[in-house]
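To keep things clear, I will list the structure first and then write my remarks on it.
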Amino acid sequence: MMEILKKTGKFLLGVVIGIAIAMMINRYYVKGKQLIAANLPKEPVEYVNPYMGNISHLLVPTYPTVHLPNSMLRVYPERGDFTGDRLGGLPLIVTSHRGSSAFNLSPYQGDEAGLKPVIQYSYDREKIVPYRYQVYLDDANIEVDYAPSHQSAVYNLTFEKEEPAYLVFNSRNGELKCDGNTVSGFQYVDKKTKVYLYAETDKAPEKSGVLAGGTVKYGESFVEGKDAALALTFSGQKEIGVRYGISFISTEQARKNLEREIDSYNVNVIAEIGRNEWNDALGKIQVSGGSENDKTVFYTSLYRCYERPVNLSEDGKYYSAFDGKIHEDGGHSFYTDDWIWDTYRATHPLRILIDKERETDIINSYLLMAQQMGTNWMPTFPEVTGDSRRMNSNHAVATVIDAWRKGVRGFDLEKAYEAARKGIEEKTLIPWSAAPSGWLDEFYKEHGYIPALKPGEKETVANVSPWEKRQPVAVTLGTAYDEWCLSQIAAELGKKEDAEYFLARSYNYRNLFHPETRFFHPKDKDGNFIEGVDYRYSGGLGARDYYDENNGYVYRWDVQHNIGDLVSLIGGNEVFTAALDSMFDTPLGMSKWQFYSFLPDHTGNVGMFSMANEPSLHIPYLYNYAGQPWKTQKRIRVLLDQWFRNDLMGVPGDEDGGGMSAFVVFSMMGFYPVTPGSPTYNIGSPVFSDVKIDLGNGNVFEIVADGASHDNKYVQSVTLNGEELSGPWFDHSRITAGGVLSLKMGPKANKEWGIGNPPPSVGPMQK
């Protein structure tokens, strides 16, 4: 009887698979004729263009990354830049977002003397989609087809020449061993973190050996050190399949990861699974209206928001570089590789909307990292190698309060508060440093600002980087925001004294506000404003003597938690909006090559505004706070049209793995979280006539923009769940169960709408 059931089950499974294949074929073919897919609605993943932004305006470009959402395994072609003529072998894993990679596979056909640990290829006919990589190595006459799973992947290699075929596996700093048709080993990612490889070929090699000094030592099966390489030889084979698993735990775990995810060498099968996963992830937001290019920009930006952080859990365990140990994950995935300085602004708020469970696991991962480091300091730049402590400030606190205020409850708020508080008060505020607090921190606590060096004054604080400098204005403003976030968590916990203490400290930005220039201006340790500061140019390379990567014009608006007070400080609504206008109108004042020689991150310029760097992202929405929301609507559309396009230069700068792309996703939908930690959204100008956001549990938030088009970018009126909105904002609580934001759009501004009810902020300091 059991045997009959087994056979019946296999038959039914076969029927199901057959139907699925037929449906897939039907989508693209009719009676053997070529594609009719163009006549059918596109699926979300079909709009993704991984090549968008691959040519950088100046700094780091975007990469055409092949991966599954938040997967541990990511790859992209190994080349100097998009315009490079050569591929450096075939990739096996990227271990850090655009930071580093590990291992390498080089197929080869021809004279054995041409073998190298990493072979450089001329290439053509490259095609990349999120779930598949295809390329033709034209000098070598080798077809490459690749598809990843979460912790494993498969290559199909087709050799066209008649000579023997070779596969060269390379560990750039580690060890490899060969046993029949398997290759295994590890590579150091840094001095303590290893990534492990287990690979199989579908055909047994005729022979194998260690590749060293340009020759293959056949019969040797183990190699270690720099550029450790093994060569496998195949005679008379035209097609070779390679499948492999990756692990941060062990080679055995890499094997288990492979066996759990991939049981064949069929790239088509793995690619179809990946395609479905991407459609599930991207399909959480459905858009209608707009142009085909608009949809491409939107879904490409959304795809980039899934590149980080990565899930390191492997069969219920994970390796943590934060203590160098392997841990049980307790049924909750462990995430890392999250550059929080970039992602707290919009990427985390976006995830709260469409993937609360994952956001919960990410925050819990932060708390585990804090414990594992032994300091209980919240991380700032967690990577697979540990916390690199890059940039400035400690903005993980913002992700905590933002999630809590928006209803995420799957973490211990008390523990999060302690880790965030310690990370701000016990760790130094010095940029790019993991040292304990010291003199600069004590000065900040006593005086409420980080002091700048006077012109010609030498640095005496040992932990200050000679490259990154003190960044005194940026650190003061960022810490004031962090302390506001702490005050909000303390209030949620009923810690009244702490809440009042940190709320008072959240006004420390005032200590650097220059009443005459109405900019945030560096002060020395004696309390005097530094003389001769030019807000466009001063501060040295990256303006780091005073600011960070951006100039004083950008940091003029870096008070995310208290825009209302900033409006008051600058001089009220009219003066405030005039100052915003002036920023967009102020020219570089010199040639671009001169300006970018000392402010290379300050690209994507509209006057002094920099679309290419994260501290600028909230600025276009600030007109909402000063009675001119129509200017926010105009500016957002102009910026999207100017800087985010479906082409190779369609991203204005380093988008930081979702840090900037989330701005595009929100802004194209028509709203934006100006203040993470405040459960409110600013209304902008929706690009699409209809957006449906799957909030989970059957709840859908819909944005209906009647008449929205390229010309009809101005909001005429708004209702939320049938109730008229008088201001350009709404509260998260009103959409948690779903709802409809309905906007009437038109070609001319309604300058009266939204002027009397600005988005909430803390307001002036209470006396």
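The values are calculated or read from the model by the stated rules, or taken from the named source; none is laboratory data. Since we're looking at a predicted model, the values are computed, not measured. Cβ coordinates were reconstructed from backbone atoms using ideal geometry, including for glycine residues, and neighbour counts include every protein chain displayed.
For Val559, are the conditions met, namely being buried (at least 21 other Cβ atoms within 10 Å of the Cβ) and aliphatic (A, V, I, L, M)?
Yes; evaluated as a whole, the condition is true for this residue.
Consider Val242 carefully, then state whether it is assigned by TED's automatic domain parsing to the domain that holds Val216, of a type outside the set (D, E, K, R), out of contact with any Ser or Thr (no Cβ under 8 Å at 6 or more places or on another chain) and at pLDDT 95 or above. No; evaluated as a whole, the condition is false for this residue.
Ser71 meets all of the listed conditions (1) over 16 Å from Glu277 (Cα atoms); (2) among the small types (Gly, Ala, Ser); (3) assigned to a loop (DSSP other than H, G, I, E, B) but one, namely (1).
Please verify whether Asp656 is at pLDDT 95 or above, of a type in the set (Asp, Glu), touching a helix residue (DSSP H, G or I) at 6+ places or on another chain (Cβ under 8 Å) and under 30 Å from Pro382 (Cβ atoms), treating the condition exactly as stated.
Working: at pLDDT 95 or above: no; of a type in the set (Asp, Glu): yes; touching a helix residue (DSSP H, G or I) at 6+ places or on another chain (Cβ under 8 Å): yes; under 30 Å from Pro382 (Cβ atoms): yes.
So Asp656 fails the test.
Right, Phe730: in contact with a strand residue (DSSP E or B) (Cβ under 8 Å, 6 or more places away or on another chain) and in contact (Cβ under 8 Å) with a residue 60 or more places away in the chain or not? Spelling it out, it is not the case that Phe730 is in contact with a strand residue (DSSP E or B) (Cβ under 8 Å, 6 or more places away or on another chain) and in contact (Cβ under 8 Å) with a residue 60 or more places away in the chain. Please work out if Lys226 is among the charged types (D, E, K, R), surrounded by fewer than 21 Cβ atoms within 10 Å (Cβ to Cβ), in the same structural domain as Val144 (by TED's automatic domain parsing) and free of Cβ contacts under 8 Å to residues at least 40 places away in the same chain. For Lys226, the condition - among the charged types (D, E, K, R), surrounded by fewer than 21 Cβ atoms within 10 Å (Cβ to Cβ), in the same structural domain as Val144 (by TED's automatic domain parsing) and free of Cβ contacts under 8 Å to residues at least 40 places away in the same chain - is not met.
Listed by first and then second residue, the pairs linking a residue in the stretch 565-579 that is closer than 23 Å to Ser506 by Cβ and touching a residue at least 40 places away in the same chain (Cβ under 8 Å) to a residue that is part of a helix (DSSP H, G or I) and not aliphatic (A, V, I, L, M), with Cβ atoms under 7 Å apart and 6 or more places separating them unless they lie on different chains, are Val567/Asn573; Val567/Phe576; Val567/Tyr625; Ile570/Phe576.
Being buried (at least 21 other Cβ atoms within 10 Å of the Cβ) and at pLDDT below 95 is true for just one of Ser106, Ser101. Which residue is that?
Numbers: Ser106 fails: at pLDDT below 95.
Residue meeting the stated conditions: Ser101.
You will find that of Ser106, Ser100, the residue that is under 18 Å from the mean Cα position of the chain (by Cα) and closer than 28 Å to Gly213 by Cα is Ser100 and no other. Of the residues His332, His327, the single one that is of a type outside the set (Val, Ile, Thr), in a loop (DSSP other than H, G, I, E, B), surrounded by fewer than 24 Cβ atoms within 10 Å (Cβ to Cβ) and at pLDDT 95 or above is His332.
Conditions tested, residue by residue: (1) farther than 24 Å from His514 by Cβ; (2) aliphatic (A, V, I, L, M); (3) buried (at least 22 other Cβ atoms within 10 Å of the Cβ).
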position	(1), (2), (3)
Tyr553	no, no, yes
Ile563	no, yes, yes
Leu569	no, yes, no
Glu574	no, no, no
Ser597	yes, no, no
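In a residue-by-residue description of the stretch 636-645, the property of being farther than 20 Å from Leu282 by Cβ and outside any helix (DSSP H, G or I) applies to no position.
Check the stretch 269-292 and report whether any residue there is of a type in the set (Lys, Arg), assigned to a helix (DSSP H, G or I), within 24 Å of Asp654 (Cα to Cα) and touching a helix residue (DSSP H, G or I) at 6+ places or on another chain (Cβ under 9 Å).
Taking the stretch 269-292 and keeping what is of a type in the set (Lys, Arg), we get 275, 284.
Right, trim to assigned to a helix (DSSP H, G or I) and you get 275.
From what's left, within 24 Å of Asp654 (Cα to Cα): none.
Within the stretch 269-292, not a single residue is of a type in the set (Lys, Arg), assigned to a helix (DSSP H, G or I), within 24 Å of Asp654 (Cα to Cα) and touching a helix residue (DSSP H, G or I) at 6+ places or on another chain (Cβ under 9 Å).
Would you say Gly84 is assigned to a loop (DSSP other than H, G, I, E, B) and surrounded by 22 or more Cβ atoms within 10 Å (Cβ to Cβ)? Answer is no for this residue.
Quick check: anything in the stretch 398-420 buried (at least 24 other Cβ atoms within 10 Å of the Cβ), under 17 Å from the mean Cα position of the chain (by Cα) and modelled with pLDDT of 95 or more? Scanning the stretch 398-420, I find at least one residue that is buried (at least 24 other Cβ atoms within 10 Å of the Cβ), under 17 Å from the mean Cα position of the chain (by Cα) and modelled with pLDDT of 95 or more, so the answer is yes.
Quick check on Ala491: is it assigned to a helix (DSSP H, G or I), more than 30 Å from the chain's Cα centre (by Cα) and either at pLDDT below 95 or of a type in the set (Gly, Ala, Ser) (or both)? Taking the combined requirement at face value, the residue satisfies it. Every condition in (1) part of a helix (DSSP H, G or I); (2) surrounded by 20 or more Cβ atoms within 10 Å (Cβ to Cβ) holds for Arg389 except the one numbered (1). If you go through the stretch 489-523 and keep only what is in contact with a His (Cβ under 7 Å, 6 or more places away or on another chain) and either loosely packed, with under 15 Cβ neighbours inside 10 Å or of a type in the set (A, V, I, L, M, F, W, C) (or both), you end up with just Leu512.
Residue check: Pro466 meets all listed conditions (1) part of a loop (DSSP other than H, G, I, E, B); (2) closer than 30 Å to Glu357 by Cα; (3) without any contact (Cβ under 8 Å) to a residue 40 or more places away in the chain but one, namely (2).
Pairing residues of the stretch 157-174 that are more than 16 Å from Lys217 (Cβ to Cβ) with residues that are among the small types (Gly, Ala, Ser) and surrounded by fewer than 23 Cβ atoms within 10 Å (Cβ to Cβ), at Cβ distances under 7 Å and at least 6 apart in sequence or on separate chains, gives Lys161/Gly110; Glu163/Gly110; Pro164/Ser235.
Yes or no: the stretch 490-508 includes at least one residue that is touching a strand residue (DSSP E or B) at 6+ places or on another chain (Cβ under 9 Å) and in contact (Cβ under 8 Å) with a residue 24 or more places away in the chain. Looking through the stretch 490-508, none of the residues is touching a strand residue (DSSP E or B) at 6+ places or on another chain (Cβ under 9 Å) and in contact (Cβ under 8 Å) with a residue 24 or more places away in the chain. Residues that are under 16 Å from Asn394 (Cβ atoms) and polar (S, T, N, Q) within the stretch 457-479 comprise Asn463, Gln471, Thr476, Thr479, listed in sequence order. Within the stretch 544-553, not a single residue is of a type outside the set (Lys, Arg), over 19 Å from Gly448 (Cα atoms), at pLDDT 95 or above and over 31 Å from the mean Cα position of the chain (by Cα).
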